[in-house]
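Encoded as structure tokens, the structure appears first; notes follow it.
We did not get these values from a lab; they are worked out from the coordinates using the rules stated. Everything quoted here is computed from the prediction, not taken from an experiment. A quick note on method: Cβ atoms are made from the backbone with ideal geometry, for glycine too, and the neighbour counts reach across all protein chains shown.
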Amino acid sequence: MSSPLDSLKQKYRQLSEIEYSSTDSTSELVEDADGHRYLVWRGPTSWQQRVDALFDSGGTLNALPRPVQRGPKTDDEVTIVLRCPNRHFEPFDVWKWRNLDSICCVRALQGLAKTLHEIHDAGWALDGIKRSQLLYSPPTGELLIASLPTLAPLDGEPETIWRDIHIFAELAYQNFLEHDYPGGHQLVSLLQDRSAMADTGITSPGLPQLLAGCVTPYGDLAYRDVDALREGLANLHIELLRPLAYQVGSRSTLGNHIFRQNNQDSCGHVVVDTSRGSRKMRLGFFCVADGIGGIDDGERASSLAVETACSAFLRAWNHHGGQPLHAHPTAFARAVARVTSQRLALEGCFAPKQNRGGTTFTGLLLAGDRAGICHVGDSRAMLIRDSRPILLTRDHTLASIYERLGESTSGNGKNDASHRTIARFLSTGTELDWRRIDGITKSLPEGFDLDVDQRTLGGFQLKRGDILVLTSDGAHGEVDERELMRMVPLHRDEPQKLCDAIIDRSLEKVGRDNATALVIAVR
């Protein structure tokens with residue numbers, strides 16, 4: 001008769017055994033018929049109780065597989081089946097690790113250190129981690145702890161801490177220097193000799209400090225806890241990062257429609273570079289405004305909105321610094337739009353006979369690798385990523401209201417009056433309720449993952465190669481998405497030429513409005 005363990009073996013195909021320093025427990029990497037990878041841990045009941053206590057401690061434990069099944073169980077052995085985060089995890093391969101990009105290496109070590117921090121916070125120690133007890137995912141560079149042969153209460157002794165963190169010195173050394181780890185004693189000698197460090201290549205800022213912190217439990221430079229290790233990894237990561245740069249192009253035109261006697265559009269941007277220690281960051285604010293009202297009123301409103309917004313962004317940066325803007329770019333972008341609305345309302349109070357002006361306003365706040373949106377009206381912000389367009393804003397027009405209510409317009413498409421009727425704008429007559437200033441639209445196309453955090457107004461993550469396009473309706477009303485995407489490959493590296501192409505195309509069509517485009521290429 002087959003045992004429960006036999007039926008478990010029939011369900012999975014064994015890929016490899018994981019090496020252990022303890023003979024009390026074993027681990028196997030297995031795969032099911034669908035290609036999903038699992039680990040099968042076996043050990044005594046006392047060991048299982050410690051493992052269960054760790055997983056029940058409340059940490060995210062991202063560098064550990066997740067238990068999905070307990071059992072089968074005998075009098076002296078327990079089995080735990082754990083699922084790997086993806087199907088690419090395989091036994092650690094030092095050659096693949098050495099060829100991993102150094103920034104990816106540090107991020108992988110940071111993920112491993114975060115889990116180790118949670119393990120220690122829960123009161124447990126691993127009694128050391130060996131390379132042979134790790135799984136590695138080549139596509140992502142992630143590391144996974146494949147076994148927990150020894151799980152003991154954390155006693156806080158320096159040697160206990162060191163046994164768990166010295167693997168970080170070995171892994172960092174092998175990736176950065178691309179040859180075998182020399183061992184702790186020889187590394188200590190290397191770090192005490194500047195010439196030997198130079199000859200060996202231990203010269204990357206942050207790397208010598210990390211190696212010194214991990215190589216021995218003794219001395220003033222030794223890391224006393226995982227927090228110090230994580231700080232060392234963060235410093236190394238900062239030194240490796242090349243900050244994103246923004247290349248900008250813009251153009252605004254009166255257009256060639258005979259009833260447009262002046263340009264009521266405005267656009268503007270401001271970019272600043274900051275350094276805080278070794279951390280470098282570029283920040284910028286970019287906006288487009290389309291005036292509404294009489295000839296003078298609309299032009300005055302849009303121009304004042306752009307000037308006020310750029311000044312408000314600089315004041316926010318001067319008062320708060322770059323890090324808060326990086327953490328909450330959409331919250332700060334919406335605050336800039338709120339200040340802009342207040343300034344326009346004050347203008348109307350100061351000159352009550354000239355308070356008929358209004359303007360749409362779409363702003364983009366970039367802080368390092370994060371972006372936030374503020375939006376009122378029917379100007380637009382679009383992200384072009386991997387040759388695919390993503391509309392980041394929703395038009396505030398009568399037509400969009402009909403659409404949300406499930407009602408149709410008269411059927412004249414973009415020429416229907418409901419598409420030109422603005423339902424929300426900044427005004428010199430009254431301040432706009434700040435809750436009516438939108439961030440990024442919630443109705444993103446299916447399949448796009450922008451890492452959008454609506455709860456904290458954190459914005460979304462930028463990538464090198466992204467192109468961001470801000471337009472007034474005189475531009476996107478004439479140049480549709482399909483035409484825009486034909487232009488992008490021709491001018492991907494020259495944002496000013498892309499702006500010119502958008503505006504030139506709108507002029508060819510003899511559009512009904514002023515036209516403005518502002519393009520940011522993320523490098």
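Worth pointing out:
- The range 99-240, relative contact order [Cα under 8 Å, separation at least 6], %: 28 percent
- Relative contact order (%) - criterion: Cα under 8 Å, at least six apart; region: the range 50-181: 29 percent
- Residue-span extension gain [residue 127 to residue 69] - 0.36 nm each, minus C-alpha spacing: 18.3 nm
- Put simply, when 131-137, 337-343 are sorted by average Cβ atoms within 10 angstrom per residue, most first, you get 337-343, 131-137.
- Signed unit charges on C-beta, dipole axis of the chain, positive-most listed residue 427, 204, 58: 427
- At full extension, residue 315 and residue 11 could sit 103.2 nm farther apart than now, given 0.36 nm per residue minus the alpha carbon distance.
- Sorted largest first, extent of the range 246-522 alpha carbons per principal axis (Å): 55, 47, 36
- Evaluated over the chain, the count of Lys pairs having alpha-carbon atoms less than 28 Å apart is 17 (only pairs 8 or more residues apart or interchain).
- In summary, the convex hull built on the alpha carbon positions of the range 185-343 has an orientation-averaged projected area of 13.9 nm².
- Among the listed values (1) 24.8; (2) 31.3; (3) 34.9, the one matching mean projected area of the Cα convex hull in nm² as calculated from this structure is (2).
- By the Kirkwood approach, averaging reciprocal distances over each pair of separate Cα atoms, the range 4-83 gets a hydrodynamic radius of 13.2 Å.
- Contact order normalised by residue count of the chain, Cα under 8 Å, 6+ apart, percent: 12 percent
- Solvent-free Debye scattering, log10 I(q)/I(0), computed from the Cα coordinates of the range 278-390 at q = 0.10, 0.14, 0.17 Å⁻¹: -0.32, -0.59, -0.81
- Exposure proxy for 438, 265: other Cβ atoms within 10 Å of each Cβ, ordered fewest to most, give 438, 265.
- Its convex hull of Cα atoms gives the range 99-240 a direction-averaged projected area, equal to a quarter of the hull surface, of 8.0 nm².
- Ranking 484, 229, 108 by how far each Cα lies toward the positive end of the dipole of the chain (charges on Cβ) leaves 484 at the top.
- Full extension of the chain between residue 238 and residue 140 yields a length gain of 33.3 nm, computed as 0.36 nm times the residue separation minus the alpha carbon distance.
- Label point 7 Å beyond Cα of residue 220 along Cβ direction - residues of the range 172-202 with amide nitrogen under 14 Å: none
- Neighbour counting of Cβ atoms within 10 Å sorts the residues 422, 401, 437, 258, fewest neighbours leading, into 258, 401, 422, 437.
- Shape category assigned to the range 355-395 from the gyration tensor of Cα positions, a/c cut at 1.5: oblate
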